[in-house]
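The values are calculated or read from the model by the stated rules, or taken from the named source; none is laboratory data. All of these numbers come straight from a predicted model, not from anything done at the bench. Positions of Cβ are backbone-derived with ideal geometry, glycine not excepted, and every protein chain shown enters the neighbour counts.
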Amino acid sequence: MLKPSAIITLLVSISLAVGGVWIIYNINLLPEAASSNAPVYDELFRVLFVIGVILFVGMFAAVVYSLIEFRRRPGDQEDGLPVKENLPLEIFWTAVPAIVVLFVGLYSYDIYDRMGGMQPLDHQNHGYSVSSSEEKVWGGIGTSSNNSNMDLQMQSLPVEVTAMQFAFLFRYPKGDFISGELHVPVGQTISMRMESNDVIHAFWVPEFRIKQDVIPGQPTILNFTPTKPGRFPIICAELCGPYHGGMRSTVVVEEPEIYQDWFNKNSNTIVS
Amino acid sequence: MTITIPPKSNKESEGLQPKGFLRYFSFSLDHKVIGIQYLVCGFLFYLVGGALASAIRIELTSPISDFMPRDVYNQVLTLHGTIMIFLWIVPVVNGAFGNYLIPFYVGARDMAFPRLNAVAFWLIPPAGLMLISSYFINGAAQSGWTAYPPLSITTPAAGQIIWILSVLLLGGSSIFGGINFIATILKLRRPGLKLMQLPMYCWAMLGTSILVVLSTPVLAGTLILLSFDIVAHTGFFNPTLGGNVIVYQHLFWFYSHPAVYIMVLPAFGLVSEILPIHSRKPLFGYTTMVYSIMAIVFLGLIVWAHHMFTSGTPPWMRLFFTIATSFIAVPTGIKFFNWVATLWGGKISLNSAILFSCGFIVNFVLGGITGVALAQVPFDIHVHDTYFVVAHFHYIVYGGSVFVIFSSIYHWYPKFTGRMLNEKIGRIHFILTFVGFNLCFAPQHWLGMNGMPRRVAEYDPQFTFVNQLSSFGALLMALSTLPFLWNVIHSSFKGEIAGENPWQALTPEWLTSSPPPVENWLGEAPLVTDPYGYGKKQLQEQFNDLESEKQ
Amino acid sequence: MTTITPIDQSPKEQEVQHDLHADHRLFGLVAFLIADGMTFAGFFAAYLTFKAVNPLLPDAIYELELPLPTLNTILLLVSSATFHRAGQALNKSDSKSCQKWLLITASLGLAFLASQMVEYFTLPFGLTDNLYASTFYALTGFHGLHVTLGAFMILIVWWQSRQPGGRITSQNKFPLEAAELYWHFVDGIWVILFIILYLV
Ligand code: HEA
Ligand code: HEA
Ligand code: CUA
Ligand SMILES: [Cu+2]
């Protein structure tokens, strides 16, 4: 009993869904992907987007179709059918979302693990050695779990981040100097220990798809590996006062040699 | 069958109260008067909150901070969020419609505690005025509606303290209301009416009131501690004195996540009343609807930490909250599919009420889907505290709750006033709102993903065009209030006379005159055991039955 | 209290309705006490988290003395029992003994407050000394506020029951029942508070 309006709605919604899927694969809705995290994130985003488009277009089509097809024609005084329930149907639409969210949950767990989020944040794991063994740190995502802990400790570059109203300061413990811009070598894992001097701030680099609150009295850890040279904005993402909107800095990702030059030039001097 | 009529406890005092228009300005004990008081008062605050939103959108038409000073911007957005949530959505979907409808639905002549009810309402105007006036005293609170310490401790104290006081008053009002609703629904039910025969809005209000009673006091306690930090210099949330800022966030969201269901469950209930009447079909899946409300109530209490994925939370906690949050999609989904099934095969009158209800379904599904995305920790880490979140919740609070409020006004206006609203203007209102709303908030998803944080007065110039698009949408939304206002005011004098039951509905509030008499029904309260019994017989027969039952 | 005059009903039904209404007020009070209990639950949760996450420096740790709080616990528990006796007396329409027990309960409550004050003044830490101290005072202070309110309520009930004309009788015992329920609630909270603050 397919009616013209049914066919049209079906066609329109299929083309909308196809269009949505096309968009996600061909038009970049996200900023440039410049860290080892970012491609993993973008994969998750695509999956969520496709599921979302299908669900949304489906519901949209069902509502619009009902409004057109089942509208009251002039002169019609009848009631609709007195259907009150339909058990198989209800089981179906309880089960399907349950399966979808279960899948999404497990899948994002996997993604989170691949981002290194499930690594226990005890002190051995983040290259940066914490002074007091009693200190509790909390963290954002760790490093890629492909690396073994030993490797990590050898490789990762420790940076101490201090946030304050309204600036970030980056201290390089190896060279014992402070910089207002974050310089990092491409391909190397950076391990940041962050703490705030006053209120809560947040360290966000959209191109890296990472964000972590910087909290007073509570150090947090954030690890990432940049994969593309370039200058990317560091944005404070937590309301921290009138100049919150202006609290920005830059992360400069450089080839290792250029980075080394910069590092040597700054060692034992204070740059702001 | 003998029918016992619940006592009307406000009979004497009613005689002393002003009649006509003036009774809306009095300490009236009539639940219908209180309902209208909530509605009108809430709408006035909505205009103020909307004016503040307009100021935000004007500021954001240019990437630099030029329209107002930066700290004023923060005050404006704090006031906007607080007013919209605590003075518009919560009082209106709970207080206004709850007070007006619940006694009808349970077959009572008033709420269980009329005096408490009036007190609950009269806490609101002073609290709201106090909140707004703080702007003129020493600057309003400027730490966002979340008031995270230590920012809320270090910003000027006067505004923050006034903010805390008014939120405490509003929370108290909400708790009194919740107690009243629980008692009315469970205890004042007309004899012969079973729980599972109640209209769906009663169940929604029961669930909401449980959430109110369980979670609002925690917010009150938290804000009391926060005010100690500000006034007495204790260190609960002040890290320089050894305090812990994360504890505040847990306590705050333990209230404020349930609060989002306090804003939307009653709206779900209202839609469940409106859809069957205008599509002339029974509400589909009544039983599963009831269970899904209770499931949402339960899950709503255990998912709060999804607002804190980038704060200091340990990994296991993030995971637990991801899974729990995602599962809210299941009971919510059941409700949405049931509504579509209610529409399906009906005889839908395409009037403004149903248009706004369907607009709600569409918008909320989009907001819900972005919500489920936000619940995924790895996804949320990138978009937390960006315009993506702003888009998510405006799709739900505006596209959801506010659309339902408009829908309900179109639906119940005839009952409130005895006159019909103008259909044509209603549709213009719908189209302007729907288009403006989507134009305003859809682009914000993109903004958030691409690097625009929320709560900023200045931003990267690459976002200028999209922000202007969004501001243009906000302009359309502001314009859309004009036809609505004209319609509501003009129709109250010149509207077509509605009669008892213009929609030929079966729920009890329509089985009396419009507007209803002081005691709701002149005779005995009708016993409606099947509020959604459409389509069984010809309507006229059904009415004849009910009429004869009344005799 | 408004008098309730249900329309077109026989006196018998009226009686039924009346009882029903009194019932609702107690029901409302229970709902309110659940809400109030949640406030305390929030405070307890905050206290326990602070204790787990922000341990104090060793030199700031102070062992609380137990005698006074134990006395306080006994005072409150006994007062719960005496309040119960007052209720029983009222049921037997023995208003003299009801008043006596009410008075005893109120004085036990006041004794609790006094001994709480003594404890406050002998403690070696002040409100703003450290996180632990602040939470201690916030919790006990908020509870003390409840006790104060409860004691006032008892005194009001006592005063009302002395009024001629029977403001509080075995027919109209809602005020007494409400105060009693509230008082038991405050006691219960104290027991939890005592365990969490002093014993754990
Ligand atoms: C009425 C208000 C309301 C409602 C109902 C919701 C509902 C939901 N919200 Fe939202 N939310 C807010 C108001 C609301 N929210 C506000 C105000 C904020 C910001 C606070 C601030 O920081 O200022 C926020 C923020 C917020 C965050 C934090 C974001 C961040 O700050 O980083 C998260 C994360 O998990 C979230 C998730 C959800 C989810 C999963 C739902 C779910 O309940 C949605 C469920 C609904 C559906 C899913 C649609 C219908 C279902 C189907 C059609 C079935 C099929 C679907 C699937 C299988 C997916 N919300
Ligand atoms: C709960 C309900 C709710 C509602 C209905 C709205 C409605 C709107 N909101 Fe709001 N919003 C919030 C809740 C809500 N908001 C919350 C909780 C926040 C977070 C705050 C925080 O971060 O702390 C927020 C934040 C927020 C932001 C982000 C600010 C920032 O982070 O920097 C923006 C920006 O676009 C915005 C815009 C709008 C717009 C354009 C509307 C429009 O829909 C409004 C439309 C209405 C009108 C335009 C009224 C028209 C009437 C007039 C103009 C006449 C005026 C007349 C008189 C004064 C008499 N809102
Ligand atoms: Cu720092 Cu915002
Ligand atoms: Cu939430």
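Quick notes on this one:
- Single condition B:Leu366 does not satisfy, out of (1) out of contact with any helix residue (DSSP H, G or I) (no Cβ under 8 Å at 6 or more places or on another chain); (2) within 30 Å of A:Arg209 (Cβ to Cβ): (1)
- Residue count for region B:450-482, restricted to those that are farther than 29 Å from B:Phe43 by Cβ, within 16 Å of ligand 1 (Cβ to nearest atom) and touching a helix residue (DSSP H, G or I) at 6+ places or on another chain (Cβ under 6 Å): 3
- Subset of region B:427-449 (residues that are within 16 Å of ligand 1 (Cβ to nearest atom) and within 14 Å of chain A (Cβ to nearest Cβ)): B:Gln444, B:His445, B:Leu447, B:Gly448, B:Met449
- Residues satisfying the criterion are present in region A:15-38 (criterion: hydroxyl-bearing (Ser, Thr, Tyr) and under 30 Å from A:Ser191 (Cα atoms)).
Conditions tested, residue by residue: (1) more than 9 Å from chain A (Cβ to nearest Cβ); (2) polar (S, T, N, Q).
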residue: B:Val365; (1), (2): no, no
residue: B:Ile369; (1), (2): no, no
residue: B:Val372; (1), (2): no, no
residue: B:Gln376; (1), (2): no, yes
residue: B:Gly399; (1), (2): yes, no
residue: B:Arg419; (1), (2): yes, no
residue: B:Ile425; (1), (2): yes, no
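- Region A:221-249, residues that are hydroxyl-bearing (Ser, Thr, Tyr) and within 15 Å of A:Pro206 (Cα to Cα): A:Thr225, A:Thr227, A:Ser249
- The selection criterion, being away from every other protein chain (no Cβ under 14 Å) and of a type outside the set (A, V, I, L, M), does not hold for B:Phe113.
- Among residues of region C:172-196, those that are touching a Leu at 6+ places or on another chain (Cβ under 6 Å) and not aliphatic (A, V, I, L, M), counted: 4
- Among the residues of region A:221-272, those that are within 16 Å of ligand 1 (Cβ to nearest atom) and of a type outside the set (Asp, Glu) comprise A:Ile235, A:Cys236, A:Ala237, A:Leu239, A:Cys240, A:His244.
- Cβ pairs under 7 Å, 6+ apart, first in region B:249-262 and within 14 Å of chain C (Cβ to nearest Cβ) and farther than 15 Å from C:Ala35 by Cβ, second within 16 Å of ligand 3 (Cβ to nearest atom) and not polar (S, T, N, Q): B:Gln249/B:Tyr148
Residue by residue, here is whether (1) more than 26 Å from B:Met111 (Cα to Cα); (2) of a type outside the set (A, V, I, L, M) holds:
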{"position": "B:Leu151", "(1), (2)": "yes, no"}
{"position": "B:Ile185", "(1), (2)": "no, no"}
{"position": "B:Arg189", "(1), (2)": "no, yes"}
{"position": "B:Gln197", "(1), (2)": "no, yes"}
{"position": "B:Leu206", "(1), (2)": "no, no"}
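- Within region A:77-93, the set of residues being facing chain B (nearest Cβ under 8 Å), assigned to a helix (DSSP H, G or I) and surrounded by fewer than 19 Cβ atoms within 10 Å (Cβ to Cβ) comprises A:Leu89, A:Glu90.
- Close pairs from region B:63-86: first more than 9 Å from every other protein chain (Cβ to nearest Cβ) and more than 28 Å from B:Ile405 (Cα to Cα), partner more than 16 Å from ligand 4 (Cβ to nearest atom) and acidic (Asp, Glu), Cβ under 7 Å, at least 6 apart: B:Pro63/B:Glu458; B:Pro63/B:Asp460; B:Ile64/B:Glu458; B:Phe67/B:Glu59; B:Met68/B:Glu59
- Restricting attention to region B:397-423 and to residues that are buried (at least 24 other Cβ atoms within 10 Å of the Cβ) and aliphatic (A, V, I, L, M), the residue that is nearest to ligand 2 (Cβ to nearest atom) turns out to be B:Val402.
- Selection within region B:291-341 - under 18 Å from A:Leu89 (Cβ atoms) and among the aromatic types (Phe, Trp, Tyr): B:Tyr291, B:Phe336, B:Phe337, B:Trp339
- Test result for B:Phe364, assigned to a helix (DSSP H, G or I), on the phi < 0 side of the Ramachandran plot and modelled with pLDDT of 95 or more: yes
- Qualifying residue in region A:250-270 (condition: within 15 Å of ligand 3 (Cβ to nearest atom) and either in contact with a Phe, Trp or Tyr (Cβ under 6 Å, 6 or more places away or on another chain) or without any contact (Cβ under 8 Å) to a residue 12 or more places away in the chain (or both)): no
- A:Pro74 being more than 7 Å from chain B (Cβ to nearest Cβ), modelled with pLDDT under 80 and either surrounded by 14 or more Cβ atoms within 10 Å (Cβ to Cβ) or part of a loop (DSSP other than H, G, I, E, B) (or both): no
- Counting only helices (runs of 4 or more DSSP H) that sit completely within region B:131-237, those holding 2 or more residues that are hydroxyl-bearing (Ser, Thr, Tyr) and under 23 Å from the mean Cα position of the chain (by Cα) correspond to B:157-187, B:200-231.
- From the options B:Thr216, B:Thr208, B:Thr234, B:Thr222, residue that is in contact (Cβ under 8 Å) with a residue 12 or more places away in the chain, within 14 Å of chain C (Cβ to nearest Cβ) and closer than 30 Å to A:Pro242 by Cβ: B:Thr222
- A:Ala61 being more than 19 Å from the chain's Cα centre (by Cα), within 16 Å of ligand 1 (Cβ to nearest atom), more than 7 Å from chain B (Cβ to nearest Cβ) and in contact (Cβ under 8 Å) with a residue 24 or more places away in the chain: yes
- Every residue from region A:8-46 that is crowded, with 16+ Cβ neighbours inside 10 Å and either more than 30 Å from A:Thr227 (Cα to Cα) or over 13 Å from the mean Cα position of the chain (by Cα) (or both): A:Thr9, A:Ser13, A:Leu16, A:Ala17, A:Gly20, A:Ile24
- Of all residues in region B:346-361, those satisfying the criterion of being in a helix (DSSP H, G or I) and either at the interface with another protein chain (Cβ under 7 Å from one of its Cβ atoms) or free of Cβ contacts under 8 Å to residues at least 24 places away in the same chain (or both) are B:Cys358, B:Ile361.
Conditions (1) within 30 Å of C:Thr128 (Cβ to Cβ); (2) polar (S, T, N, Q); (3) buried (at least 22 other Cβ atoms within 10 Å of the Cβ), marked per residue:
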position: B:Thr208; (1), (2), (3): no, yes, yes
position: B:Gly221; (1), (2), (3): yes, no, yes
position: B:Ile224; (1), (2), (3): yes, no, no
position: B:Thr234; (1), (2), (3): yes, yes, yes
position: B:Ala267; (1), (2), (3): no, no, yes
position: B:Lys281; (1), (2), (3): no, no, yes
position: B:Tyr291; (1), (2), (3): no, no, no
